[in-house]
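What follows is calculated from the coordinates using simple rules that are stated; it is not laboratory data. Everything quoted here is computed from the prediction, not taken from an experiment. Reconstructed Cβ throughout: ideal geometry from the backbone, glycine too, with neighbour counts over all protein chains shown.
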Amino acid sequence: MDFYEISSSLLSISFFIYLIAVVFFGAILGKKRDEKQKSKLTMIGIILTIIGFIGQVASFIFRWIEAGHIPVSNMFEFIYFFSMCLIFAFLLIYFIYRYSILGIVALPIAIVLIGYGSVFPTEVTPLVDSLQSNWLYIHVTTVALAQAILSISFVAGLLYLIVKVNQEKRSKETSYLELIMYFVVSVIAFIILSFSFGAADYEAVFNLPENEDLTDISYTLPALIGPTDSELATTDHFYTGIEAPSFMNGPDAARKFNTLIWSLVTGLILYGLLRLLTRKRLGEYLQDKFGKVNPDVVDDIMYRAIAIGFPLFTLGGLIFAAIWAQQAWGRFWGWDPKEVWALITWLFYAAFLHLRLTRGWHGKKSAWLAVIGFAIIMFNLIAVNLVISGLHSYA
Amino acid sequence: MSVKTVKCECGHINHEGTVLCEACGKPIKGNQHLDGNDDQKVLEMRYDGSARRSKTYKRTFIDKTWAFFSSVKVGVWLIIITLIFSALGTLYPQEPFKNSPLPASQFYETEYGLTGKIFYQLGFHNMYDSWWYIILVALIGISLVICSLDRYIPLRRALKNQKIKRHPTFVKRQRVVSSTDKLSDENYQMIKERLKKKRYKVKEEDGHLFAEKNRFSRWGPYVNHIGLIIILSAAILRMFHVMHVDDYVWVREGETRVIPGTNQEYYIKNENFSYDFFDAEEDEDIRFREALKNANGPIPKDFQTDAIIYKVKGETVIGQEPELEEVKRGQIRVNHPIQFDGYSLYQAGNQMESEYDRISFKVNGENNQELGEFTFETDEAPYQVELDNGMIVRVDDYYPQLEFTDKGPSSFSKFPRNPGIIFSVLNEGKEEGERFFYLGEEVIGLSEGNTFSMSVTDIEKRSASGLTVKKDYSLPFFLVGAIIFMIGVVQGLYWYHRRIWIHPTENEYLVGSHTNKNWFGMKKELDEIFEETGFAEFKDQSELK
């Protein structure tokens with residue numbers, strides 16, 4: 001067994017330990033158990049999380065040895081490191097506040113992230129020349145840690161919303177909350193789809209007869225939407241015959257659009273099933289289960305996470321990034337999409353911190369902001385790398 | 001301008017617009033609406049009820065402008081607007097990144113259709129140096145300065161003037177309070193000890209106690225704003241081109257060139273340009289075999305220029321070769337620029353084997369009998385060469401970058417990127433010979449019934465290294481700004497300004513407490529300090545419901 005295999009197995013083991021930990025954290029939900037039982041069960045949850053975390057760190061170290069450089073240089077590695085930081089940030093906040101209920105939101109998010117990251121190629125990749133610098137270690141790790149800590153404010157915000165949004169009747173707030181649930185379900189749908197079609201080695205190939213520059217495009221999901229001006233080469237595969245609108249240029253635009261539609265549709269089906277099972281809005285269902293939560297503490301965690309994450313993000317995402325860019329390219333700032341989105345993230349959290357000074361922006365409003373902040377971080381992580389091309393589109 | 005004043009019953013003279021007396025904290029009648037204290041039990045303590053210019057004077061145009069920019073709400077709106085525009089600018093590549101020979105006026109429409117056209121027409125393709133984007137950022141800068149001054153000056157005054165003895169209303173209307181009927185001396189001493197242990201500065205007067213710590217954390221926001229203002233000023237400075245040099249130079253292997261942007265003062269020689277790609281066959285890279293197999297093309301490992309930097313010695317005379325003195329020798333690699341006298345050269349581009357350095361030929365006679373060999377150097381193209389046996393090969397025409405136009409063969413540039421050569425192989429003493437055309441790395445005969453033949457035996461190509469030349473005087477300003485910003489942020493976020501007042505009245509002891517943030521921690525600390533001293537459990541008068 002080589003280091004790569006050890007690393008992969010350790011990651012799988014950690015993944016399952018996290019899953020089991022969620023089950024224990026689930027003990028907080030519902031009213032069947034008394035407080036003593038609950039605290040005992042969540043304690044087991046915390047211990048399992050720590051074990052899983054140690055496993056993940058070990059997996060990280062083995063991968064590091066195998067690759068010969070810190071494994072944070074492609075999409076899989078970064079998301080995997082980010083999820084590790086998220087668990088770390090959760091544990092950190094737990095040891096400050098002793099508030100284990102966050103785990104029931106934080107852990108599933110970390111699990112979904114690991115699942116999402118595993119969809120990308122997992123082999124170790126060489127470092128292109130521009131990444132061969134000690135700043136890779138400093139810049140990427142601080143950014144990931146900072147974003148993970150900022151994400152804890154989302155975890156706290158989501159918890160706050162689940163508990164505090166009035167679920168007695170349908171409102172704008174309940175709808176937005178359902179939208180968040182739907183997004184999470186869609187990501188899960190995406191992971192399930194990728195793995196099931198991946199396991200079946202599904203591949204539908206399109207030729208582009210009118211475009212000589214581009215090679216064939218292969219789909220790993222059945223084609224609902226084909227590339228513009230294309231022909232299906234593997235004719236025995238399913239194809240609706242609908243082509244992507246012509247403004248979706250770029251070799252992969254149509255394929256990504258197809259995947260997006262699959263995820264959203266499957267997500268919708270899954271969400272519908274959950275609604276049918278619970279016979280309630282998911283937010284309403286969860287609110288019933290969560291019972292009492294101290295809103296002041298959750299609000300404070302939301303703020304504190306940003307108070308810790310913001311300076312760290314400034315340091316890693318802007319200052320270290322600028323120093324490295326100066327060293328690598330001789331310009332510390334170049335308005336590359338990733339840089340712009342780091343600035344956007346920074347501006348957003350700066351606005352958040354200022355709004356906290358204004359009366360009436362604590363509590364629910366802050367919680368919604370924390371959700372938007374996380375959306376920006378995810379956009380920067382996923383969309384900027386995969387959709388908008390730039391210096392960071394190495395994955 | 002004479003400043004109007006308000007005198008408090010405690011005798012302290014406050015500036016007009018003060019909400020809470022700077023000394024005793026008693027709410028000043030008629031000003032409570034300024035901080036929204038009218039219908040609230042808990043006093044607004046954000047700026048200690050000090051008199052802020054923006055809230056006090058609202059008559060003249062200057063007052064109104066000041067009030068506008070000093071509002072946090074306005075600041076946040078400016079941030080949000082900047083944020084939204086910044087995001088829109090990443091929708092499509094900015095003009096410098098469009099990576100297409102098409103001009104911007106066509107590129108965005110052809111590539112992205114209608115939305116691309118709108119993007120271009122709104123000027124979003126050059127957003128970040130457009131005048132309106134710069135104005136937006138400048139407005140944020142103005143807001144930063146005014147917000148800070150409007151709050152810092154009165155807050156500092158209020159904190160400086162605060163007295164130990166406060167008005168009972170002030171203490172009662174703090175957010176987290178407690179009280180007790182009886183306070184034994186023993187318990188009082190214990191509280192004092194615990195306060196000191198927690199690094200509070202404790203002051204006493206007539207049985208009143210005032211404990212305070214970490215006041216410096218209140219200045220954090222102003223410090224970080226100073227850092228930001230330095231960064232913004234540096235950015236403005238940088239708009240003037242004297243502040244930085246930004247140039248580009250291509251140097252071929254073996255070539256010495258003047259470095260642009262240095263006033264013809266420095267020269268660079270490219271001794272050797274080497275490059276390396278990841279190779280799954282090599283032991284070192286075998287672990288990447290999967291990734292290399294899946295990659296679209298070779299993955300660069302290293303580019304390196306072995307360079308010598310020269311400085312011109314003495315005065316330069318026009319038309320004369322300058323005398324050069326070596327100042328530095330070293331390697332330029334990505335992430336490892338070479339530096340000299342404030343200039344930096346960065347490895348930025350490469351034209352690998354893009355030019356022909358030398359081409360070797362062989363001439364054969366009848367029956368393939370070898371007559372001789374010669375090498376053609378593209379930079380020093382000879383008129384003719386003499387072979388070993390005394391035969392002459394004449395160069396009739398040389399096209400460094402061959403192309404065919406209506407008028408026949410010609411050269412697109414003087415760079416030997418695709419050389420074409422017409423030779424005549426002459427017998428001794430003759431003017432006319434057999435003609436051959438070298439093109440596309442092959443030789444074809446032009447004359448009919450050739451007795452000679454010519455072929456290519458060897459080709460050597462050379463690479464060119466692309467280097468960016470940089471010199472930037474504004475860097476230290478940015479760095480200092482960033483450091484100050486970080487200090488300010490940490491100072492403001494990681495320490496909390498906490499104050500505790502113990503106020504004896506006729507029949508009870510009141511405790512009021514204030515922290516500028518982290519009430520969760522404050523309550524924990526209060527519980528520890530007042531544990532088992534007879535005080536009632538602390539009450540948070542504005543808990544979230």
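Summary of computed values
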{"read-out": "Gyration tensor verdict on the protein assembly as shown (Cα atoms; rounded if a/c is under 1.5, prolate if a/b is larger than b/c, oblate otherwise)", "value": "prolate"}
{"read-out": "Label-zone membership for segment B:487-512, site B:D181, 7 angstrom Cα→C-beta point, backbone N under 19 Å", "value": "B:503-511"}
{"read-out": "Those Cys residues of chain B for which no other cysteine Cβ falls under 4.7 Å", "value": "B:C147"}
{"read-out": "Within 10 Å of each Cβ in A:320-332, the average number of Cβ atoms from other chains", "value": "5"}
{"read-out": "222 nm mean residue ellipticity, helices alone, for chain B (DSSP H n ≥ 4; -39,500 (n - 2.57); rounded to 500)", "value": "-9000 deg cm²/dmol"}
{"read-out": "Proximal aspartates and glutamates relative to B:K29, as straight alpha-carbon distance under 13 Å, when same-chain residues fewer than 8 apart are discounted", "value": "B:E9, B:E16, B:D38"}
{"read-out": "Estimated distance in nm for a label pair at B:H336 and A:L274, the labels positioned 7 Å out from Cα along Cα-to-Cβ", "value": "5.2 nm"}
{"read-out": "Rounded if a/c under 1.5, otherwise prolate or oblate - segment A:99-256, Cα gyration tensor axes", "value": "oblate"}
{"read-out": "Cα pair distances exceeding 30 angstrom across chain A, given as percent", "value": "45 percent"}
{"read-out": "Three-way shape label, segment A:272-395, alpha-carbon gyration tensor, a/c 1.5", "value": "oblate"}
{"read-out": "Cα lying deepest toward the dipole's positive end in chain B, options B:I230, B:Y57, B:L371, charges on Cβ", "value": "B:Y57"}
{"read-out": "Percent RCO, i.e. relative contact order, over segment B:5-160, from Cα pairs under 8 Å lying at least 6 residues apart", "value": "24 percent"}
{"read-out": "Distance (nanometres) between label positions extended 7 Å along Cα→Cβ at A:L357 and B:F97", "value": "3.2 nm"}
{"read-out": "Most mobile listed residue (A:N385, A:N74, A:N294) in chain A, GNM with C-alpha springs under 10 Å", "value": "A:N294"}
{"read-out": "Segment B:357-459 pair-distance distribution - Cα-Cα, 10 Å bins, rounded %", "value": "15, 51, 28, 6"}
{"read-out": "For residues of B:349-355, the mean tally of beta carbons on other chains within 10 Å", "value": "0"}
{"read-out": "Least to most buried among B:E281, B:E460 (fewest other Cβ within 10 Å first)", "value": "B:E281, B:E460"}
{"read-out": "Average beta-carbon neighbours from other chains, 10 Å sphere, peptide A:67-74", "value": "1"}
{"read-out": "Charged-residue dipole, Cβ positions (Lys, Arg, Asp, Glu), segment B:131-261 about Cα centre, Debye nearest 20", "value": "1000 debye"}
{"read-out": "Ordering of B:517-523, A:333-339 by packing [mean C-beta count within 10 Å, highest first]", "value": "A:333-339, B:517-523"}
{"read-out": "Distance cut-off 44 Å, percentage of C-alpha pairs in chain B lying past it", "value": "51 percent"}
{"read-out": "Gain on full stretching of the segment that runs from B:F216 to B:S413 - 0.36 nm per residue minus C-alpha separation", "value": "64.2 nm"}
{"read-out": "DSSP bridge pairs, chain A: antiparallel proportion in percent, nearest 5", "value": "60 percent"}
{"read-out": "Candidate aspartates and glutamates - alpha carbon under 19 Å from B:K73, same-chain residues fewer than 8 apart omitted", "value": "B:D35, B:E44, B:D63, B:D150"}
{"read-out": "DSSP-assigned coil residues among GluC sites (Glu not before Pro) in segment B:341-447, each with at most 15 further Cβ atoms within 10 Å", "value": "B:E380, B:E428, B:E431, B:E432, B:E441"}
{"read-out": "Cross-link reach list, lysines versus B:K328, counting only Cα pairs under 18 Å and skipping chain neighbours closer than eight places", "value": "B:K269, B:K311, B:K313, B:K470, B:K471"}
{"read-out": "Dipole of the protein assembly as shown [Lys/Arg +1, Asp/Glu -1 at C-beta], most positive-end residue of B:T115, A:L161, B:S411", "value": "A:L161"}
{"read-out": "Full-extension gain in nm, B:V395 to B:T375, via 0.36 nm per residue minus C-alpha separation", "value": "6.0 nm"}
{"read-out": "Charge dipole (debye, nearest 20) of the protein assembly as shown; +1 at Cβ of Lys and Arg, -1 at Cβ of Asp and Glu", "value": "9580 debye"}
{"read-out": "Segment B:K203-B:V317, length gained on full extension (0.36 nm per residue, minus Cα span)", "value": "33.2 nm"}
{"read-out": "Computed log₁₀ I(q)/I(0) - Debye formula, equal Cα scatterers, no solvent, segment B:64-222, q 0.10 Å⁻¹", "value": "-0.64"}
